[in-house]
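Please read the structure below before turning to the comments.
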């Protein structure tokens, strides 16, 4: 059974990922659900999941099949993305190539290859006790979190939202940059 801390952090992590999605959909071309399109590549941001005292979420991007000639080229593209992203800090916990068959109306079938990245952040890494103490001792204005009764509790939950927004943005930018680099490399 999840702890109260885990449930609250999961809720506020969801707010951070929702803010990231809104930001990306306003900056780029929005698509259905939790997706957006940038540079003719569709990206998707999952909802967070609480697992083993960690917040997990996935970020994925479509492999531009129409630009690549063969299944071997798609594999090379994926391996290039994988190589770049495993050097990033933080690196994803896993990078998989996933084949999605989309049959939304039962009369069309579209196969799509995706790069799927899983990120995992321990709950205790989502806030900084010293920063909370500084904020509250300095009398900083803290946005009230509905789930708390204290200024410190609100500060922690706001920090969780901001941390997930920041790391999610960083992870997404790394994937966007990796896609740009591999596309340029394979175009030559």
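The values are calculated or read from the model by the stated rules, or taken from the named source; none is laboratory data. This structure is a prediction, so every number in the text was calculated from the model and none was measured. As a convention, Cβ positions derive from the backbone with ideal geometry for all residues, glycine included, and neighbour counts pool all protein chains shown.
Just a few scattered comments:
- Selected residue [exposed (fewer than 13 other Cβ atoms within 10 Å of the Cβ), within 21 Å of residue 24 (Cα to Cα) and at pLDDT 85 or above] from 173, 185: 173
- Residue within region 68-77 that is within 19 Å of residue 169 (Cβ to Cβ) and over 16 Å from the mean Cα position of the chain (by Cα) present: no
- Qualifying residue in region 137-152 (condition: modelled with pLDDT under 90, more than 30 Å from residue 98 (Cβ to Cβ), out of contact with any helix residue (DSSP H, G or I) (no Cβ under 9 Å at 6 or more places or on another chain) and not in a loop (DSSP other than H, G, I, E, B)): yes
- Any hit, region 9-22, residues being touching a residue at least 24 places away in the same chain (Cβ under 8 Å), assigned to a loop (DSSP other than H, G, I, E, B), in contact with a strand residue (DSSP E or B) (Cβ under 6 Å, 6 or more places away or on another chain) and surrounded by 17 or more Cβ atoms within 10 Å (Cβ to Cβ): no
- Flag if residue 124 is surrounded by fewer than 19 Cβ atoms within 10 Å (Cβ to Cβ), modelled with pLDDT of 90 or more and over 15 Å from the mean Cα position of the chain (by Cα): yes
- Among the numbered conditions (1) without any contact (Cβ under 8 Å) to a residue 24 or more places away in the chain; (2) within 18 Å of residue 10 (Cα to Cα), the only one that residue 135 does not meet is (2).
- Residue 52 passes every criterion in (1) over 11 Å from the mean Cα position of the chain (by Cα); (2) surrounded by 13 or more Cβ atoms within 10 Å (Cβ to Cβ) apart from (2).
- Scope region 147-156; condition under 16 Å from residue 5 (Cβ atoms) and either surrounded by fewer than 17 Cβ atoms within 10 Å (Cβ to Cβ) or over 26 Å from the mean Cα position of the chain (by Cα) (or both); matching residues: 147, 148, 149, 150, 152, 153
- Residues in region 35-63 that are outside any strand (DSSP E or B), modelled with pLDDT under 95 and on the phi < 0 side of the Ramachandran plot: 63 only.
- Evaluating residue 93 against the criteria (1) surrounded by 14 or more Cβ atoms within 10 Å (Cβ to Cβ); (2) over 26 Å from residue 27 (Cβ atoms); (3) at pLDDT 95 or above leaves one unmet condition, (1).
- Residue match in region 105-118 (condition: under 26 Å from the mean Cα position of the chain (by Cα), modelled with pLDDT under 70, exposed (fewer than 12 other Cβ atoms within 10 Å of the Cβ) and not in a loop (DSSP other than H, G, I, E, B)): yes
- Identity of the residue in region 157-170, touching a strand residue (DSSP E or B) at 6+ places or on another chain (Cβ under 9 Å) and surrounded by fewer than 22 Cβ atoms within 10 Å (Cβ to Cβ), that ends up nearest to residue 12 (Cα to Cα): 163
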